[in-house]
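Chemist: The structure under discussion is supplied below as structure tokens; questions concerning it will follow.
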Amino acid sequence: MRLPLLLTLFLTLTAPAQTIDATQTGTPFPHFWEQTFGSGRAILSLRESYRNDLRTVKQATDFKSIRFHGIFMDEVGIYDPDRVYVTPGQATRKDDTAAAPYNFSYVDQIYDGLLANHVQPFVELSFMPRQLASDPKALHAFWYKQNVSPPADYAKWDAMIAAFASHLIDRYGIAEVSQWNFEVWNEPNIDFWVGNPKQSTYFTFYEHTARALKQVNTSIRVGGPATAQAAWVGDFLKYCHDHNVPVDFASTHVYANDTAPDVLHTKENVPRDKMVARAVAKVHTEILASPLPKTPLIFSEYNASYANEPNVTDSIYLGSWLANNIAQCDGLTESMAYWAFSDVFEEQGVVRTPFYGGFGLLAADSIPKPALNAFAMLHRLGDTRLPSPDPSTLVTRRADGTLVIALWNYAAPIGTGAHYTSGESTGPSKSFSFDLKNLPSNAKAILYRLDENHGNVLKAYDAMGRPALLTQRQIHDLQGAGQPAPIELLPMQNGKVQLDVPPQGLYVLEIK
């Protein structure tokens, strides 16, 4: 077999090698980064394009649950006690055909659609139905204008929460529903909540919601505060402890381009490859110091950017950033939900062009991005982590004994902001050498690559001239260009391997 130019097998090592004993004792390595994904808002899940992308990501990562905003938004139709019956040309009249003010028809279709694809809801309890809102004009700036005010009447809010939970248990059974997470609201510390003061009004809101859920069934798993910028968790747990409020997990969010003053309350400049891990460590420490130190931590949103940056979330940059993030956050959080799984997404309005820096693993028209290939490659990692001296390496072992090594060459994005910068990273390649011990005598080495020339749909899109609108033929071609690179079978002698990884590259090596 002729070897690729960038890969060379050495019988005598030419670079300092990492010696790895495939049989050594490791530490548990649960795949916390791929348990849950985020998505836009609830109503989008009724679209076929959403469900197609859901199935693609499920196949790549076997993720367990999906989180989205807006299950209580008016477009879902759950709460409309003053509904009227309209006949063209005639006077409207109050619709008195139903006894209860709740309508769970779309809720059922939304959750049925997830469960049919073996994905559970991670239930974000938001936003406020117009007829429950204390301020009907408190609409968020997002395109879909969700109401972000507290309820006008807590008795009616509590009743809706209880009815919602009771309905889910009736339809799906408590054995199923007790496996779901119920998270109270979204990012109440910024403009997703107009309660004043924000923190104390949210804590009251959380208390009402959590008690209403637990009165239906104590097995329902509830948590918060779902804040932006890794905020409030310590204060939140103290409030729950002091007021004996139920809480089963603490949740918060962080993005890699959040600033140190906002997240860490320091004046330093934390780079994009360090911010998420710094935030996770900070909250992890806050929980340990809180009156509820055993509370599980969930980062229910994270990404390399909170803004649309095509050189970040559309590009191969995401692969090395993701692997680096996983290595740093291991052991500090129960799970992290990447925002988001698909660009079937409308916070800024209807999508206008496929590669605008959307958060998803798939662009519009189900075009795979490098991020999807990165998640699929890292899904191959084992569930036991072995020691490694190189911070750009994750060495793992599967239950069947397969050694799986992720290695990457992190380099900053070549452009930032909303406008795309063409070109390739000009940084140096990184050389990795391994001396693998105690392998089976017939062990084979299999290589998966993500870099500028492998699994990178942006290269094909750039070659097309980056058309804003795609023809059917172009969609087909880009869907093909976004597929993972073919695997490479490497000859291996005496367990010695050397690899050069280009800048922003992510490689995964399987030895079995």
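The values are calculated or read from the model by the stated rules, or taken from the named source; none is laboratory data. Source: prediction; values computed, not measured. A quick note on method: Cβ atoms are made from the backbone with ideal geometry, for glycine too, and the neighbour counts reach across all protein chains shown. To get the accessible areas, we keep the full protein, side chains included, count just its heavy atoms, and leave off ligands, DNA and RNA. Shrake-Rupley method; radii C 1.70, N 1.55, O 1.52, S 1.80 Å.
Chemist: Looking at this structure, is VAL245 open to solvent by less than 50 Å² (accessible area, probe 1.4 Å), out of contact with any Cys (no Cβ under 9 Å at 6 or more places or on another chain) and closer than 19 Å to PRO121 by Cβ? Full working, then the answer.
Modeler: Details: open to solvent by less than 50 Å² (accessible area, probe 1.4 Å): yes; out of contact with any Cys (no Cβ under 9 Å at 6 or more places or on another chain): yes; closer than 19 Å to PRO121 by Cβ: no.
No: the conditions fail for VAL245.
Chemist: Considering segment 23-62 alone, what residues qualify as being open to solvent by less than 10 Å² (accessible area, probe 1.4 Å) and over 25 Å from GLN348 (Cβ atoms)?
Modeler: Selection gives PHE29, PHE32, TRP33, GLU34, THR61.
Chemist: Something else: So PRO440 passes all but one of these: (1) under 23 Å from VAL57 (Cβ atoms); (2) not in a strand (DSSP E or B). Which condition number does it fail?
Modeler: (1)
Chemist: Would you mind stating whether TRP143 is in contact (Cβ under 8 Å) with a residue 60 or more places away in the chain, open to solvent by 60 Å² or more (accessible area, probe 1.4 Å), out of contact with any helix residue (DSSP H, G or I) (no Cβ under 7 Å at 6 or more places or on another chain) and among the hydrophobic types (A, V, I, L, M, F, W, C)? Please lay out each step first, then the result.
Modeler: Numbers: in contact (Cβ under 8 Å) with a residue 60 or more places away in the chain: yes; open to solvent by 60 Å² or more (accessible area, probe 1.4 Å): yes; out of contact with any helix residue (DSSP H, G or I) (no Cβ under 7 Å at 6 or more places or on another chain): yes; among the hydrophobic types (A, V, I, L, M, F, W, C): yes.
Yes: the conditions hold for TRP143.
Chemist: Where in segment 172-245 are there helices (runs of 4 or more DSSP H), lying wholly inside it, with at least 3 residues that are closer than 20 Å to SER134 by Cβ? Give the derivation first.
Modeler: Values: elements: 174-177, 198-216, 233-242.
Fully inside segment 172-245 and qualifying: 198-216.
Chemist: Take segment 261-281 and flag every residue that is surrounded by fewer than 17 Cβ atoms within 10 Å (Cβ to Cβ) and free of Cβ contacts under 8 Å to residues at least 12 places away in the same chain.
Modeler: PRO261, HIS265, THR266, LYS267, GLU268, ASN269 - these are the residues of segment 261-281 that are surrounded by fewer than 17 Cβ atoms within 10 Å (Cβ to Cβ) and free of Cβ contacts under 8 Å to residues at least 12 places away in the same chain.
Chemist: Among the residues in segment 68-88, are any β-branched (Val, Ile, Thr), within 27 Å of ILE298 (Cα to Cα), open to solvent by 20 Å² or more (accessible area, probe 1.4 Å) and in contact with a Lys or Arg (Cβ under 6 Å, 6 or more places away or on another chain)? It would help to see each step written out before you state the result.
Modeler: Applying the first criterion (β-branched (Val, Ile, Thr)) to segment 68-88 yields 71, 76, 78, 84, 86-87.
When the remaining residues are screened for being within 27 Å of ILE298 (Cα to Cα), the result is 71, 76.
Now drop any that are not open to solvent by 20 Å² or more (accessible area, probe 1.4 Å), which leaves none.
No, segment 68-88 contains no residue that is β-branched (Val, Ile, Thr), within 27 Å of ILE298 (Cα to Cα), open to solvent by 20 Å² or more (accessible area, probe 1.4 Å) and in contact with a Lys or Arg (Cβ under 6 Å, 6 or more places away or on another chain).
Chemist: Can I ask one more? Looking only at segment 446-465, how many residues end up being over 17 Å from ILE316 (Cβ atoms) and touching a Pro at 6+ places or on another chain (Cβ under 8 Å)? Explain how you work it out, then say what you get.
Modeler: Keep residues of segment 446-465 that are over 17 Å from ILE316 (Cβ atoms), which gives 446, 464-465.
If we keep only those that are touching a Pro at 6+ places or on another chain (Cβ under 8 Å) as well, we get none.
Final tally of qualifying residues: 0.
Chemist: Here's a follow-up. Out of SER45, SER65, which single residue is touching a Ser or Thr at 6+ places or on another chain (Cβ under 6 Å) and closer than 19 Å to GLU183 by Cα? Don't jump to the end; show me each part of the working.
Modeler: Numbers: SER45 fails: touching a Ser or Thr at 6+ places or on another chain (Cβ under 6 Å).
After ruling out the rest, the residue left standing is SER65.
Chemist: Now for a separate question. Confirm whether GLU34 is free of Cβ contacts under 8 Å to residues at least 12 places away in the same chain and of a type outside the set (A, V, I, L, M).
Modeler: Numbers: free of Cβ contacts under 8 Å to residues at least 12 places away in the same chain: no; of a type outside the set (A, V, I, L, M): yes.
For GLU34, the condition - free of Cβ contacts under 8 Å to residues at least 12 places away in the same chain and of a type outside the set (A, V, I, L, M) - is not met.
Chemist: Okay, next question. Are any of the residues in segment 447-470 modelled with pLDDT of 95 or more, open to solvent by 30 Å² or more (accessible area, probe 1.4 Å) and β-branched (Val, Ile, Thr)?
Modeler: No; the residues of segment 447-470 include none that is modelled with pLDDT of 95 or more, open to solvent by 30 Å² or more (accessible area, probe 1.4 Å) and β-branched (Val, Ile, Thr).
Chemist: So for segment 204-215 (the condition being in contact with an Asp or Glu (Cβ under 6 Å, 6 or more places away or on another chain) and either more than 30 Å from SER320 (Cα to Cα) or open to solvent by 40 Å² or more (accessible area, probe 1.4 Å) (or both)), does at least one residue qualify?
Modeler: To start, the set of residues in segment 204-215 that are in contact with an Asp or Glu (Cβ under 6 Å, 6 or more places away or on another chain) comprises 208, 212.
Among the residues that remain, those that are also either more than 30 Å from SER320 (Cα to Cα) or open to solvent by 40 Å² or more (accessible area, probe 1.4 Å) (or both) are: 208, 212.
So far as segment 204-215 goes, yes, one or more of its residues are in contact with an Asp or Glu (Cβ under 6 Å, 6 or more places away or on another chain) and either more than 30 Å from SER320 (Cα to Cα) or open to solvent by 40 Å² or more (accessible area, probe 1.4 Å) (or both).
Chemist: Something else about it: Considering segment 453-494 alone, what residues qualify as being among the β-branched types (Val, Ile, Thr) and touching a residue at least 24 places away in the same chain (Cβ under 8 Å)? Break it down stepwise before answering.
Modeler: Here is the first cut: in segment 453-494, the residues among the β-branched types (Val, Ile, Thr) are 457, 471, 475, 487.
Answer for segment 453-494, where residues must be among the β-branched types (Val, Ile, Thr) and touching a residue at least 24 places away in the same chain (Cβ under 8 Å): VAL457, ILE475, ILE487.
Chemist: Hey, another quick one. Considering only residues of segment 146-174 that are of a type in the set (Phe, Trp, Tyr) and open to solvent by 40 Å² or more (accessible area, probe 1.4 Å), which is nearest to THR227 (Cα to Cα)? Steps first, please.
Modeler: Residues of segment 146-174 that are of a type in the set (Phe, Trp, Tyr), as a first pass: 154, 157, 164, 172.
Keeping just the survivors that are open to solvent by 40 Å² or more (accessible area, probe 1.4 Å) gives 154, 172.
On the way: TYR154: 22, TYR172: 29 Å.
The qualifying residue nearest to THR227 (Cα to Cα) is TYR154.
Chemist: Only one residue in ILE20, ILE71 is hydrophobic (A, V, I, L, M, F, W, C) and part of a loop (DSSP other than H, G, I, E, B), so which one is that? Let's see the steps before the verdict.
Modeler: Values: ILE20 fails: part of a loop (DSSP other than H, G, I, E, B).
Going through ILE20, ILE71 in turn, just one is hydrophobic (A, V, I, L, M, F, W, C) and part of a loop (DSSP other than H, G, I, E, B): ILE71.
Chemist: I'm trying to understand the selection: among the residues of segment 393-419, which are open to solvent by less than 20 Å² (accessible area, probe 1.4 Å) and within 17 Å of ASP330 (Cα to Cα)?
Modeler: Within segment 393-419, THR393, LEU394, VAL395, THR396, VAL404, ILE405, ALA406, LEU407, TRP408 meet the criteria.
Chemist: Just checking: which of the helices (runs of 4 or more DSSP H) contained wholly in segment 247-339 hold 3 or more residues that are under 25 Å from ARG41 (Cα atoms) and at pLDDT 95 or above? Break it down stepwise before answering.
Modeler: Numbers: elements: 260-263, 275-288, 310-313, 317-329.
Hits in segment 247-339: 310-313.
Chemist: May I ask you to say which residue of ALA363, ALA374 is among the hydrophobic types (A, V, I, L, M, F, W, C) and either under 23 Å from ASP258 (Cβ atoms) or open to solvent by 60 Å² or more (accessible area, probe 1.4 Å) (or both)? Show your work before the answer.
Modeler: Details: ALA363 fails: either under 23 Å from ASP258 (Cβ atoms) or open to solvent by 60 Å² or more (accessible area, probe 1.4 Å) (or both).
ALA374 is the lone residue from the list that is among the hydrophobic types (A, V, I, L, M, F, W, C) and either under 23 Å from ASP258 (Cβ atoms) or open to solvent by 60 Å² or more (accessible area, probe 1.4 Å) (or both).
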